[in-house]
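Below is one structure; the comments refer to it alone.
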Amino acid sequence: MAFFLVVLVLLIMHMGHSLYFQRAQWRHVFLFFANIAVFSCWRHMQKQFILMALPRPHTVVVDVEAVVREYLSPPTTFSPLKDLPPKYEDLEDFPPQYDENTMIITEDQTNADRALEDNSTK
C-alpha cells in the first residue's frame, strides 16, 4: 500500500515542480491523468486493506434451483421433498431373482460384438 502512496507523492511533486518552473504543457495533462490513475489504485488497495481487517462474513448457502423449483411448482398439500420412497420390506413384489444364464456370453454374441466394433471404428 505504501508503494502506491510513494509513487503518488512523487508524481504530484514532479507535476508541481514542472508547473511552477515551466508553463502548462501537454505533458502536464499526461501527468495529471497518471496522478488520477495512481490515486485510484491506491484508494482501491486501501479499501481492500480495510475490508480484509474486518471479520469474515457468514456464508449462506442458498440452493437457487430448489427455490425456483418450489416457486414454479403448483401449490400442493404435501411436500414432495418429504415424501420418502417405500422401504424395501414394505414392497409386495420381490425383485427378480438372479439368473446365471443371462450372464453367459455365447460365441455368436462375441462375434457380433466384434463385428459392431469393427464397423464403428471404420
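Quote the charge dipole size of the chain about the Cα centre in Debye, to the nearest 20; the model charges only the Cβ of Lys and Arg (+1) and of Asp and Glu (-1). Don't skip to the end; give the middle numbers.
On the way: 10 positive and 15 negative charges, 529 e Å.
So the dipole magnitude of the chain works out to roughly 2540 debye.
For the chain, the solvent-accessible area works out to 101 Å² per residue, with a probe of 1.4 Å and every protein chain left in place. Using a probe of 1.4 Å, the accessible surface attributed to residue 114 totals some 140 Å² when neighbouring protein chains are kept in position. Only DSSP H runs of four or more residues enter the estimate; each adds -39500 (n - 2.57), and after division by the residues of the chain the mean residue ellipticity at 222 nm equals -20000 deg cm²/dmol.
Other residues within the sphere of radius under 14 Å centred on the Cβ of residue 62, judged by their own Cβ, net out at -2 (K and R +1, D and E -1). Checking (1) -0.83, -0.92, -1.08; (2) -0.33, -0.46, -0.90; (3) -0.88, -0.95, -1.10 against the coordinates, the calculated log10 I(q)/I(0) by the Debye sum over Cα atoms at q = 0.12, 0.14, 0.19 Å⁻¹ falls under label (1).
By how many nm would the segment from residue 111 to residue 63 lengthen if fully extended, with 0.36 nm per residue of separation less the alpha-carbon distance? Present the calculation step by step, with values, prior to reporting the outcome.
On the way: separation 48, 0.36 × 48 = 17.28 nm, distance 5.00 nm.
Extra length available between residue 111 and residue 63 comes to 12.3 nm.
Simple rule: put +1 on each Lys or Arg Cβ and -1 on each Asp or Glu Cβ in the chain, find the dipole, and look at 52, 112, 17; the Cα lying farthest toward the positive end is 17.
The values are calculated or read from the model by the stated rules, or taken from the named source; none is laboratory data. None of the values given here were measured: they were computed from a predicted structure. Cβ: placed from backbone, ideal geometry, glycine included. Neighbour counts: every protein chain shown. Heads up: the accessible areas ignore ligands, DNA and RNA and are worked out on the full protein's heavy atoms, side chains in. Shrake-Rupley method; radii C 1.70, N 1.55, O 1.52, S 1.80 Å.
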